[in-house]
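Written out below as structure tokens is the structure these notes cover.
The values are calculated or read from the model by the stated rules, or taken from the named source; none is laboratory data. Quick caveat, the model's predicted, so the values are computed rather than measured. Here the Cβ is made from the backbone with ideal geometry for all residues, glycine too, and neighbour counts use every protein chain on show.
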Amino acid sequence: MAESITSNLDLARLAVDAARRAGADAADAYLAAFDESEVTVRKGATDRVIEAGSHGMGLRVFVAGRTAVCSTTDLRPEALETLARDAVALARISEPDEFAGLPDPADLFRGRADTLQLFDEAVEGLSTDQMIELAVACEDAAFSSDSRITNSDGASMSKRSSEVVLANSAGFVGSYPATSVSLMVEVMADDVEGKKRNAYWYTSERSLHRLTDAAEVGRIAARRAVAQLGARKTGTTQAPVIFEPVMATSLLGHLAACANGAALYRRSTFLADRLGEQVASPIVTIIDDPSEPGRRGSRPFDGEGVGSRRTPLVEGGRFIAFLFDSYSGRQTGNRATGSAARGVEGGPSPSASNLSMLAGDTPTAEIVAGVTSGLYVTNLMGQGFNPTTGDYSRGAAGFWIENGKLAYPVTEVNISGRLDAMLANIDAVGDDHTWFGGVAAPTVRVREMTISGL
């Protein structure tokens, strides 16, 4: 790995130097390389095996306030010279932008890139046969756990080993290796009317030892499918809504889309003028932290070389920060927060990394017990959220709560409200904080939402 890192660092430097020779005032080169494997089994038989590798470089150049980004998968030195000339020529015919440019040198990462536990040799060494065995064990456990599980959409396991390299004309050069591994299964149970009730479960980590046991993933998926047997529709009402942890993470995603620096300068977020205001319950704290060791969203520096840092977005219910890359920061008079995401084919843009709502101190059973009549959400459908207004409306399924207990499964309902009101009406946060890849949340109860039967 060290030899390839050195080689790719040299290629990134070469591209930046070529851009300067071609007439760029400043430039940066982002190189990403990966090898990945994926296997899928269905009913015990191997259904698909995919092995792939890729590498590519994106070169961003600045010429008299004008910007262009070009990319290539041809990393020969002569091809990079051509890439640089093309990028500079394209920049010269683009519109000038006073906010364009490299990050402030003071913000660039200066530490060690090997302290975040991003690479696991066990993942890299995982063989195709071992991946198939784990996927089979996952699916087998689902079938074995309940006779009502009658079909499967398959169990899939994937792994990736990657390397990210970034160099710019301000003297920054950095790289880091990373791994990821995931396992997912979806199974079906037969309802009495012959209708299929399907459910999935998954686990996704950077390190193999952190992955949930394969059989347990299968058992959880089976339990979730069987629990939906006999699901009913329900009428329209105003009632409390409880989001289990995996569903509560979706609320964090919606909030992050609104706490985005690009959305701020475009005025396409309902949070635009609410910095410093109380937008959520005092028991709600939400943090974005790419510096947390071992997590899927962790990285030593972002897509333009700015060092990673912990950024609280909501603290004690008060909205205190947006996520900025350098461009959106300059647009709004703020500094970059190390939040630039990037691929080889485009420039940086602000994005969340490891997004987490901190745990409360209330056991899940108590949260449910405190509801006389309401909805416990275990599935959400659709994309019914408007970041500009905060309006929220999504299809849902789960369980109806009666007298503090999960009474029966429900399906084909819609829950609606406004995200700010939903956050403000959170009256219980569970102690069951759980990570799902790069996002984490506990059980969350919203005091009241509109629940509509479909």
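Could you check, for region 47-55, whether at least one of its residues is buried (at least 17 other Cβ atoms within 10 Å of the Cβ) and over 19 Å from PHE301 (Cα atoms)? Break it down into steps so the answer makes sense when it comes.
Filtering region 47-55 for residues buried (at least 17 other Cβ atoms within 10 Å of the Cβ) gives 55.
The next check asks that each one be over 19 Å from PHE301 (Cα atoms); those that pass are 55.
Yes, because at least one residue in region 47-55 is buried (at least 17 other Cβ atoms within 10 Å of the Cβ) and over 19 Å from PHE301 (Cα atoms).
So which residues in region 90-107 are at negative phi and part of a loop (DSSP other than H, G, I, E, B)?
So the first thing to find is which residues in region 90-107 are at negative phi, and the list is 90-100, 102-107.
Listed by number, the residues that qualify are ILE93, SER94, GLU95, PRO96, ASP97, GLU98, PHE99, ALA100, LEU102, PRO103, ASP104.
Would you point out which residue out of THR82, THR150 is within 30 Å of ASN198 (Cβ to Cβ) and polar (S, T, N, Q)? Don't jump to the end; show me each part of the working.
Numbers: THR82 fails: within 30 Å of ASN198 (Cβ to Cβ).
Every option except THR150 fails the conditions.
Does MET184 fit the bill of being surrounded by 18 or more Cβ atoms within 10 Å (Cβ to Cβ) and in a strand (DSSP E or B)?
On the way: surrounded by 18 or more Cβ atoms within 10 Å (Cβ to Cβ): yes; in a strand (DSSP E or B): yes.
Spelling it out, MET184 is indeed surrounded by 18 or more Cβ atoms within 10 Å (Cβ to Cβ) and in a strand (DSSP E or B).
Could you tell me whether any residue of region 270-287 is under 23 Å from the mean Cα position of the chain (by Cα), of a type in the set (Lys, Arg), at negative phi and modelled with pLDDT of 95 or more?
The answer is no, given that none of the residues of region 270-287 is under 23 Å from the mean Cα position of the chain (by Cα), of a type in the set (Lys, Arg), at negative phi and modelled with pLDDT of 95 or more.
Within region 271-299, work out how many residues are of a type outside the set (Gly, Ala, Ser) and under 30 Å from HIS209 (Cβ atoms).
Initial filter on region 271-299 (of a type outside the set (Gly, Ala, Ser)): 271, 273-275, 277-279, 282-290, 292-293, 295-296, 299.
Narrowing the set further to residues that are under 30 Å from HIS209 (Cβ atoms) leaves 285-290, 292-293, 295-296, 299.
Residues that pass the stated criteria total 11.
Is there a residue being outside the structural domain of ARG110 (by TED's automatic domain parsing) and within 24 Å of LEU375 (Cα to Cα) anywhere in region 298-314? Don't jump to the end; show me each part of the working.
First, the residues of region 298-314 that are outside the structural domain of ARG110 (by TED's automatic domain parsing): 298-314.
Filter once more, so that each one left must be within 24 Å of LEU375 (Cα to Cα): none.
No, every residue in region 298-314 fails to be outside the structural domain of ARG110 (by TED's automatic domain parsing) and within 24 Å of LEU375 (Cα to Cα).
How many residues does region 308-319 hold that are touching a strand residue (DSSP E or B) at 6+ places or on another chain (Cβ under 6 Å) and surrounded by fewer than 20 Cβ atoms within 10 Å (Cβ to Cβ)?
3
A quick yes/no check of all residues on (1) under 29 Å from LEU116 (Cα atoms); (2) surrounded by fewer than 22 Cβ atoms within 10 Å (Cβ to Cβ):
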{"site": "ASP273", "(1), (2)": "no, yes"}
{"site": "GLY276", "(1), (2)": "no, yes"}
{"site": "VAL279", "(1), (2)": "no, no"}
{"site": "ILE287", "(1), (2)": "yes, yes"}
{"site": "PRO290", "(1), (2)": "yes, no"}
{"site": "PRO293", "(1), (2)": "yes, yes"}
{"site": "ARG299", "(1), (2)": "yes, no"}
{"site": "ASP302", "(1), (2)": "yes, no"}
{"site": "VAL306", "(1), (2)": "yes, no"}
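For residues that are touching a Pro at 6+ places or on another chain (Cβ under 8 Å) and assigned to a loop (DSSP other than H, G, I, E, B), scanning just region 244-290, find the one that is farthest from ASP361 (Cα to Cα).
Filtering region 244-290 for residues that are touching a Pro at 6+ places or on another chain (Cβ under 8 Å) and assigned to a loop (DSSP other than H, G, I, E, B), the one farthest from ASP361 (Cα to Cα) comes out as SER268.
For region 129-152, enumerate the residues that are surrounded by fewer than 16 Cβ atoms within 10 Å (Cβ to Cβ) and not in a loop (DSSP other than H, G, I, E, B).
ASP129, GLN130, GLU133, SER144, THR150, ASN151
Kindly establish whether SER144 is over 24 Å from the mean Cα position of the chain (by Cα), farther than 23 Å from ASN379 by Cβ and of a type outside the set (A, V, I, L, M, F, W, C).
Numbers: over 24 Å from the mean Cα position of the chain (by Cα): yes; farther than 23 Å from ASN379 by Cβ: yes; of a type outside the set (A, V, I, L, M, F, W, C): yes.
Yes: the conditions hold for SER144.
How about region 208-231: which of its residues are more than 14 Å from SER144 (Cα to Cα), part of a helix (DSSP H, G or I), touching a helix residue (DSSP H, G or I) at 6+ places or on another chain (Cβ under 9 Å) and of a type outside the set (A, V, I, L, M)? Give the steps one after another, and end with the answer.
Quick first cut of region 208-231, residues more than 14 Å from SER144 (Cα to Cα) only: 208-213, 224, 227-231.
Filter once more, keeping what is part of a helix (DSSP H, G or I): 208-210, 224, 227.
Next cut, touching a helix residue (DSSP H, G or I) at 6+ places or on another chain (Cβ under 9 Å) only: 208-209.
Once the filter is applied, which keeps residues that are more than 14 Å from SER144 (Cα to Cα), part of a helix (DSSP H, G or I), touching a helix residue (DSSP H, G or I) at 6+ places or on another chain (Cβ under 9 Å) and of a type outside the set (A, V, I, L, M), region 208-231 yields only HIS209.
For the list (1) touching a Gly at 6+ places or on another chain (Cβ under 9 Å); (2) surrounded by fewer than 18 Cβ atoms within 10 Å (Cβ to Cβ); (3) touching a residue at least 24 places away in the same chain (Cβ under 8 Å); (4) within 27 Å of SER37 (Cβ to Cβ), I need the number of the one condition that THR73 fails.
(3)
Say we look at region 376-423 and pick out the residues that are of a type in the set (Ser, Thr, Tyr) and within 20 Å of VAL226 (Cβ to Cβ); which of these is surrounded by the fewest Cβ atoms within 10 Å (Cβ to Cβ)?
Our first condition is that a residue be of a type in the set (Ser, Thr, Tyr); within region 376-423, this holds for 376, 378, 388-389, 392-393, 408, 411, 416.
Within this subset, residues satisfying the condition of being within 20 Å of VAL226 (Cβ to Cβ) are 376, 378, 408, 411.
Details: TYR376: 25, THR378: 21, TYR408: 12, THR411: 18.
It comes out as TYR408.
If you scan region 216-235, which residues turn out to be polar (S, T, N, Q) and more than 12 Å from LEU375 (Cβ to Cβ)? Give the steps one after another, and end with the answer.
Of all residues in region 216-235, those polar (S, T, N, Q) come to 228, 234.
Scanning region 216-235 gives a single hit, GLN228.
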